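Structure record follows, encoded as structure tokens.
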Ligand SMILES: C[S@@+](CC[C@H](N)C(=O)[O-])C[C@H]1O[C@@H](n2cnc3c(N)ncnc32)[C@H](O)[C@@H]1O
């Protein structure tokens with residue numbers, strides 16, 4: 001037998017040592033019951049084929065007969081998405097046909113479907129029961145609900161028939177109407193991206209901070225630019241300066257060039273090169289404007305003959321290199337520790353090039369979308385130890401928090417960087433902290 005006493009009774013108050021809330025809102029959350037419960041059938045196949053009468057009876061006290069049939073019908077029609085598509089859907093994206101790996105049932109335009117995400121592999125494509133990559137077998141009949149799948153929510157079919165999911169390489173296959181997370185999907189698909197660019201709040205900090213000292217005479221390099229979010233932000237804040245945007249992927253850079261032109265930023269010069277080899281110290285420090293005017297852009301909008309650039313060419317550099325992206329949310333796959341460890345080393349190669357390409361007196365902003373300190377504070381420490389002429393300066397934006405203690409980074413230096421860490425309960429209380437995990441540091445090369 002159990003007794004229940006009033007929670008407000010002082011004698012029953014839990015001792016503060018035993019239950020110490022990290023913040024008031026988490027205690028409020030702990031004292032409320034969950035807003036939903038789940039039941040899991042032991043075999044989903046039998047659930048789809050025939051709803052057991054006991055369950056039907058139970059559901060009938062909550063739903064009408066029509067609603068129960070609809071639930072069952074929805075399970076019968078179930079597209080399964082690759083992981084990257086599934087993550088985008090949880091952020092409110094529509095489902096493009098190319099993201100659909102498989103589907104069962106009688107799919108017709110306008111029908112409601114239950115959408116599932118395959119969360120097996122980093123690249124997104126799970127494996128079929130025969131062990132083959134599903135991505136390569138897109139559209140083939142694979143048993144649903146096998147391996148690691150996750151229920152995403154209810155959608156409405158936009159194509160005429162099921163085979164169109166796999167036949168069409170473009171277009172929307174399913175539009176989500178409700179998400180399993182309970183959040184209303186915020187779809188930004190119809191936003192005109194010639195006028196808007198959808199970015200998380202912390203991602204705005206690097207370009208904002210860098211642009212503080214950009215003038216029309218500045219030469220700005222965005223070393224890893226695709227898909228172009230930060231390049232377009234720099235350009236919108238400082239339209240008249242000379243900008244070079246680079247990404248190793250030619251395909252991605254062609255899209256960036258098209259996007260920037262559509263946004264009216266004609267001052268951006270696009271190249272596609274490996275940023276870890278971008279600086280060629282044998283080239284004389286020629287005026288960077290001249291280098292670009294001598295080799296005009298091709299039909300894809302790229303200055304394709306320019307692969308390397310002379311040292312000390314830029315007054316401002318934005319370095320947003322590839323990272324472990326642990327801060328991106330939602331993430332349905334967490335990379336292994338070994339994979340994560342490699343990034344801190346890889347990023348130092350980008351930083352070394354940035355330092356060479358920066359003019360004395362120039363400014364460099366370094367950012368990542370991860371909270372892994374090896375890729376953040378560790379890289380800052382690397383720059384300060386290796387380059388006497390590089391000085392860490394305040395990012396100058398009142399968002400996020402100071403850096404963490406790592407590899408002996410001093411308290412003074414930790415205060416200069418900005419860290420956004422949504423794993424930190426306190427951080428989650430403010431809008432920037434509850435966004436994605438992110439990190440920004442700013443350096444000046446002494447003149
Ligand atoms: C974090 S993303 C950049 C995001 C971009 N700054 C933005 O705000 O839209 C990293 C980019 O680095 C590119 N990348 C990866 N390795 C590279 C390399 N060796 N040289 C240049 N770019 C590289 C990837 O193609 C990817 O587009």
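Throughout, read-outs are computed from the coordinates displayed, never taken from laboratory work. Note that the coordinates shown come from a computational prediction; the quantities given were computed from them, not determined experimentally. Virtual Cβ from ideal backbone geometry, glycine too; neighbours counted across all protein chains shown.
The table for this structure:
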quantity	calculated
Extended-chain gain in nm, criterion 0.36 nm per residue less alpha-carbon gap, residue 172 and residue 411	81.0 nm
Residue order, fewest to most beta carbons within 10 Å, for 277, 252	277, 252
Least to most buried among 436, 71 (fewest other Cβ within 10 Å first)	71, 436
Residue 192 versus residue 212: modelled label distance in nm, points set 7 Å from Cα along the beta carbon direction	3.4
Efficiency of FRET between residue 64 and residue 163 - r from beta-carbon atoms, R0 45 angstrom, step 0.05	0.85
FRET efficiency for residue 385 and residue 156, using Cβ-Cβ distance with R0 set to 51 Å, rounded to 0.05	0.35
Fewest-first ranking of 66, 181, 213, using other Cβ atoms within 10 Å as the exposure measure	66, 181, 213
Contour excess over end-to-end distance, with Cα ends at residue 298 and residue 56 and 0.36 nm allotted per residue	80.7 nm
Spacing of the two label points (7 Å from each Cα toward its C-beta) at residue 285 and residue 236, in nm	3.4
